[in-house]
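The values are calculated or read from the model by the stated rules, or taken from the named source; none is laboratory data. Just so we're clear, the structure is a prediction, and the values are computed from it rather than from any experiment. Ligands, DNA and RNA are stripped out before the accessible areas are found, and what is left, the full protein with its side chains, is counted by its heavy atoms. Shrake-Rupley method; radii C 1.70, N 1.55, O 1.52, S 1.80 Å.
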Amino acid sequence: MRRIITTLAVMVIWQMMFSQQIVDTTKIWSIMEEYCQPWGTVYSTAYYKFRGDTLIEGNTYKNVWISNDEFHDNWDFFGAFIREVDNKVYYRNYSGDEGLIYDFNIEPGDSVVIDNPRGPGSMPLLFAGIDSVETNNGLRARWELTNDNYEISEYWIEGVGSKAGVINSSTGLFGSLCGLYYLLCESEDGETVYVNPEYNQCWMLTTGINEENNDKKIIVSVTDSNLEIVMPVNDVKTIFVSDISGNILYREVVNDKSISFPLSFFSNGIYLVTVKTSSYIQTRKIIIK
């Protein structure tokens, strides 16, 4: 009798999966992002949402937006698009082909090839099992997906998406890589629905090797023509500008309190600005568009 009840419960949860869309303009996700830099690992938080339509090659996508402030008042176009059709979710970067990042048509025991443009390549996944997680409005189904080459499992939560964050499906399987992502929270209609129990918060500050002192915080801003960096004290410091993969694009040793770079040095994208002295390291994430 217990086996019958368990089977029925799992099937009910599995059917519930189709009642929740991923591409929903009422939803916002917060994601912790990890970047490997020559001086250490840097973490930051970003919020994501989907708003506005764009027609590409006959398909209608929602635009992907990002916010890097705790109260997510300011949003920037992320340079990416997402669409959901027939229980499948497709993602594409501004330049490039789309890739399948979710398929909710598969059943336990089925396999699917996920080809997330944000990952290193296509990934065959086996739908290995299903259970549930607690949310603020009841239980949500959670799928476990595996690959024989990796000990880490991928998880999809009903209406929430991957444990690595909504646009990062399958990327968490590459555990040896830097540039990983971790879902913190998901909200719907302004109400927090899911909070990752491993972190229990929706916003985590950017950190470097050392804790930041309030009197030594740097300020990084983007104007119409320049990238501006303001530093609190006149001491010898090294300025690094790198992409999110850790590739250093610019390096300069200065002892001034401010420095600026023409935006013409950079393509559109996300960059990390790091100020390193003998006593502290601070990193800020910026978007140039």
Original post:
How big is region 36-141 in terms of Cα radius of gyration and Dmax, in angstroms?
Top reply: 16.7, 45
**OP:** Over region 47-100, calculate the relative contact order: mean separation of alpha carbon pairs under 8 Å at least 6 apart, over the residue count, as a percent.
**Re:** 24 percent
Subject >> Accessible-area order (highest first, 1.4 angstrom probe) of the listed residues Glu84, Glu151 >> reply: Glu151, Glu84
Subject >> Nearest-10 value in Å² for the accessible area of Ile270, using the 1.4 Å probe >> reply: 30 Å²
Subject >> Anchor Lys237: lysines whose Cα lies under 21 Å away (excluding residues fewer than 8 positions away in-chain) >> reply: Lys216, Lys217, Lys257, Lys276, Lys285
**OP:** Please list the non-local residues whose amide H lies under 5 Å from the amide H of Thr135, H modeled 1.01 Å from N, same-chain partners needing a gap of 5 or more.
**Re:** Arg140
